[in-house]
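Take a look at the structure below.
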Amino acid sequence: MTAQAYHDGLQRPPPGGRPRAYKTDGLVLRAYRMRDADRLVTVLTPSLGKLKLTVRGARRLTSKLGGHLDVLNRAHLAIAIGHTFDVVTGAESAESFAGVKADLSRLAEALYLMELADLLLPEAAPHPAAYALLLDALRALEAGRSPVSVARHTELGLLRDAGFMPELHSCVMCRREIEPERHRYVAAMGGVVCDECPAPASGVLPLSVDALKVLRHFAERGVAEASQVALSGVVRDELETALGASVRYVLEREPHTAGFVERVAHLRERGA
Ligand SMILES: [Zn+2]
């Protein structure tokens with residue numbers, strides 16, 4: 001199958017339209033076990049948004065499809081229109097990110113980003129920017145870039161793509177430009193608040209000038225540049241706390257993999 005053929009088959013036909021099948025690339029965000037040996041996968045595509053697809057017999061050892069559709073894989077997919085979910089009829093992995101999967105720190109951040117994309121991005125809408133963002137993140141992790149920088153940069157980008165970009169320049173209350181050292185971060189209010197405006201009794205987070213500068217830099221740059229910034233321990237913690245609070249506020253809960261990332265980081269600190 002040539003790249004052009006995939007490109008030609010990219011548009012999913014409208015329901016009831018004559019074509020019964022289509023082709024697309026997809027990044028596997030999540031996989032769920034289903035009855036028998038079937039698997040349900042959530043993939044993010046370049047132009048069709050997020051799709052939930054059935055992979056029949058994926059968990060059988062003899063499955064020709066299953067191995068190509070592991071979480072974190074980018075695969076070329078052939079898909080047939082189904083009743084509840086469309087069905088994968090052909091899959092060939094294009095990138096499998098073996099280096100990421102072999103390293104616990106990188107794997108933890110990558111799985112967190114996949115879950116975040118799955119939770120933040122609505123279905124039935126294209127998310128080309130998020131697709132590019134996640135792929136860039138996986139490639140940066142594979143190339144050995146700092147997992148923490150890649151994760152925070154991508155987290156911010158996903159928040160933006162989902163329509164929840166935190167305000168980083170003007171006070172969200174009075175709209176005045178933020179002056180150095182005279183601000184705090186309030187996730188529930190959507191970003192930075194100046195020190196003259198009232199803030200809620202809880203959820204007010206400190207954000208140093210350095211951390212704010214890094215966030216602004218992340219917002220303007222791609223992951224390759226963003227992941228070259230050396231983060232101090234304080235800045236790293238502030239970014240994780242502030243963006244984590246924004247994610248929890250938007251989702252109204254903690255992503256499952258966030259705890260996993262924390263436990264892996266803790267193990268590393270203990271030298272395990
Ligand atoms: Zn203000």
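The values are calculated or read from the model by the stated rules, or taken from the named source; none is laboratory data. Note that the coordinates shown come from a computational prediction; the quantities given were computed from them, not determined experimentally. Reconstructed Cβ throughout: ideal geometry from the backbone, glycine too, with neighbour counts over all protein chains shown. Heads up: the accessible areas ignore ligands, DNA and RNA and are worked out on the full protein's heavy atoms, side chains in. Shrake-Rupley method; radii C 1.70, N 1.55, O 1.52, S 1.80 Å.
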Worksheet item: So which of ALA151, ALA110, ALA130, ALA211 is over 30 Å from ARG74 (Cα atoms), touching a Leu at 6+ places or on another chain (Cβ under 9 Å) and away from the ligand (no atom under 16 Å from the Cβ)?
Response: ALA211
Worksheet entry | Selection count where residues are open to solvent by 10 Å² or more (accessible area, probe 1.4 Å) and without any contact (Cβ under 8 Å) to a residue 60 or more places away in the chain, scope the range 140-156 | 4
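For the range 119-130, which positions are open to solvent by less than 20 Å² (accessible area, probe 1.4 Å) and outside any loop (DSSP other than H, G, I, E, B)? Talk me through it step by step, then tell me what you get.
Filtering the range 119-130 for residues open to solvent by less than 20 Å² (accessible area, probe 1.4 Å) gives 120-121, 127, 130.
Within the range 119-130, LEU120, ALA130 qualify.
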Discussion item. Among (1) within 15 Å of ARG30 (Cα to Cα); (2) in the same structural domain as LEU27 (by TED's automatic domain parsing); (3) in contact (Cβ under 8 Å) with a residue 40 or more places away in the chain, there is one condition ILE79 misses while meeting the rest; what is its number?
Written reply: (1)
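Kindly indicate which of GLU181, GLU252 is at positive phi and within 16 Å of the ligand (Cβ to nearest atom). It would help to see each step written out before you state the result.
Details: GLU252 fails: within 16 Å of the ligand (Cβ to nearest atom).
Exactly one residue qualifies, and that residue is GLU181.
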Worksheet, complete the sentence: In the range 191-202, anything assigned to a loop (DSSP other than H, G, I, E, B) and either surrounded by 15 or more Cβ atoms within 10 Å (Cβ to Cβ) or within 11 Å of the ligand (Cβ to nearest atom) (or both) is listed as ASP195, GLU196, CYS197, PRO198, ALA199
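Take the residues in the range 52-67 that are in a strand (DSSP E or B) and free of Cβ contacts under 8 Å to residues at least 60 places away in the same chain; name whichever of them is nearest to the chain's Cα centre (by Cα).
In the first step, residues of the range 52-67 are kept if they are in a strand (DSSP E or B); the result is 52-55.
When the remaining residues are screened for being free of Cβ contacts under 8 Å to residues at least 60 places away in the same chain, the result is 53-55.
Details: LEU53: 19, THR54: 22, VAL55: 22 Å.
It comes out as LEU53.
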Discussion item. Any residue at all in the range 234-247 that's in the same structural domain as LEU104 (by TED's automatic domain parsing), outside any helix (DSSP H, G or I) and either over 26 Å from SER170 (Cβ atoms) or touching a residue at least 12 places away in the same chain (Cβ under 8 Å) (or both)?
Written reply: no
Item to complete: Starting from the range 189-211, keep only residues that are under 18 Å from CYS174 (Cα atoms), then list their pairs with residues that are more than 14 Å from the ligand (Cβ to nearest atom) whose Cβ atoms are within a distance under 6 Å, requiring at least 6 positions of separation or different chains.
Response: GLY191/PRO166
Practice prompt. For the range 173-183, enumerate the residues that are closer than 20 Å to HIS217 by Cβ, open to solvent by less than 50 Å² (accessible area, probe 1.4 Å) and free of Cβ contacts under 8 Å to residues at least 24 places away in the same chain.
Written response: none
Item to complete: Report yes if LEU267 is under 21 Å from VAL150 (Cβ atoms), touching a Lys or Arg at 6+ places or on another chain (Cβ under 6 Å), in contact (Cβ under 8 Å) with a residue 40 or more places away in the chain and outside any loop (DSSP other than H, G, I, E, B), otherwise no.
Response: no
